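Peer 1: What follows is a structure written as structure tokens; I'll ask about it next.
What follows draws every value from the coordinates through simple rules; no lab data is involved. These figures come from a predicted structure and were not determined experimentally. Reconstructed Cβ throughout: ideal geometry from the backbone, glycine too, with neighbour counts over all protein chains shown.
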């Protein structure tokens, strides 16, 4: 009799644990669904304004300015890499054989 009671208790505990896990999953799913519904109501259409999406003149100006700075810096680096970087001795300088 005691063995049957222990089995029933163990089965009950296992069933209770399984039920609680399923209940937690159900609650998580409901919260996720609710959040999705709220976000759809808050943002029904991401681009509902009449904007065509063209860039403003300020954006274009900043892009062109950034490109110009990049070209100038890149050119400076390229020219700097081509120049000769040799340390001359005092005798070479005085003799003028550079």
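Peer 1: Which residue pairs have Cβ atoms under 7 Å apart, sit 6 or more places apart or on different chains, and have a first residue in segment 85-96 that is free of Cβ contacts under 8 Å to residues at least 24 places away in the same chain and a second that is assigned to a loop (DSSP other than H, G, I, E, B)?
Peer 2: Taking only residues 6 or more apart or on different chains, the pairs are 88/98; 92/98.
Peer 1: Quick one: what pairs do we get from segment 55-74, first residue free of Cβ contacts under 8 Å to residues at least 60 places away in the same chain and on the phi < 0 side of the Ramachandran plot, second surrounded by 10 or more Cβ atoms within 10 Å (Cβ to Cβ) and part of a helix (DSSP H, G or I), C-beta under 9 Å, 6+ apart or different chains?
Peer 2: From segment 55-74, the pairs are 55/63.
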